[in-house]
Amino acid sequence: MEKILVVEGLTKRFGELVAVDNVSFEIGRGEVVGLIGPNGSGKTTLFNLITGVLKPDSGRIFFEGKRIDGMPPHKIYSLGLVRSFQIPRVFNNVTVAENAMLSPRGQVGESPLKALFKSIWSRQEISLAERVASILEDLQLLGVHRSRSSAISGGQMKLTEMARVMASSPKMIFLDEPAAGVAISLAHEIFRRLRSLRDEAGITLFIIEHRLDILLEYVDRVMVMSQGRIIADGKPREVIEDPRVVEVYLGEWRG
């Protein structure tokens, strides 16, 4: 399988705390990979390092063969690697639909000169609006598409960010707890939609999620972090039966 993401010896320290400790792994194009582990195990820090929010102390990251460690987030985004956040980061003073419309890369109307001539960008704008409307319908957001993002619920903010991610024509999506705060039926719909993105467009997915009853149903592979290290990596059934994983994480989840 062609590798879309390669991480080699990634390390990040905060003072004496080693949040990510010499982590190495590869993800193939079109894989759906879950990342699980106890709170504080380094999962979000790992996401932040790969997507440019943080700079690693050591190690290398390659996306589609291009080295990206230390690259700013907007440059990484322009390559087609996009993400959502554990706490949604939406633009509060525009509508839900406008939030999603802002994300697609390569919009003709973003050029200061071309923006003056509606005939140049209007066809693309209409096409984007139609695609965004379909995404909002899938995420059950059409009813609030004209509402400002500051006026919707926390769960709807998370879904708005999800719509923005889906509208950006990504090659790979990093999702930080996409099912958190969302009703279980809609959470399953989100994951079905994500799987369809992979099946129909070949998009690669890397997902942090604590709701394992949902996550394990949709991923091809699971990685487990504990104390900044990857302690297990494999098929979902194999991983959840690994004694090390049961000891550090799943024992509590299984109750």
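The values are calculated or read from the model by the stated rules, or taken from the named source; none is laboratory data. These numbers come from a predicted model, not from an experiment. Here the Cβ positions follow ideal geometry from the backbone for every residue, glycine too, while neighbour counts run over all protein chains shown. These accessible areas exclude ligands, DNA and RNA; they are computed on the full protein's heavy atoms, side chains included. Shrake-Rupley method; radii C 1.70, N 1.55, O 1.52, S 1.80 Å.
For the reader, a short list of remarks on this structure follows.
- Subset of the stretch 53-66 [open to solvent by 10 Å² or more (accessible area, probe 1.4 Å) and either out of contact with any Lys or Arg (no Cβ under 7 Å at 6 or more places or on another chain) or over 13 Å from residue 10 (Cα atoms) (or both)]: 53, 55, 58, 59, 62, 64, 65, 66
- Any hit, the stretch 101-118, residues being in a helix (DSSP H, G or I), open to solvent by 40 Å² or more (accessible area, probe 1.4 Å) and either among the hydroxyl-bearing types (Ser, Thr, Tyr) or at pLDDT 80 or above (or both): no
- Those helices (runs of 4 or more DSSP H) lying entirely in the stretch 126-220 with at least 2 residues among the acidic types (Asp, Glu): 184-201, 212-218
- Test for residue 161: is it under 19 Å from the mean Cα position of the chain (by Cα), charged (D, E, K, R) and on the phi > 0 side of the Ramachandran plot: no
- Test: residue in the stretch 27-34 that is within 18 Å of residue 219 (Cβ to Cβ), touching a residue at least 12 places away in the same chain (Cβ under 8 Å) and surrounded by fewer than 15 Cβ atoms within 10 Å (Cβ to Cβ): yes
- Search result, residues across the stretch 23-57 that are among the acidic types (Asp, Glu) and touching a helix residue (DSSP H, G or I) at 6+ places or on another chain (Cβ under 6 Å): none
- Count of the stretch 168-181 residues, restricted to those that are over 20 Å from residue 30 (Cβ atoms) and aliphatic (A, V, I, L, M), is 2.
- Here residue 179 passes the criteria (1) buried (at least 18 other Cβ atoms within 10 Å of the Cβ); (2) under 26 Å from residue 19 (Cα atoms); (3) touching a residue at least 24 places away in the same chain (Cβ under 8 Å); (4) in contact with a strand residue (DSSP E or B) (Cβ under 8 Å, 6 or more places away or on another chain) except the one numbered (4).
- Among the residues of the stretch 151-176, those identified as polar (S, T, N, Q) and touching a residue at least 60 places away in the same chain (Cβ under 8 Å) are 156, 160, 168, 169.
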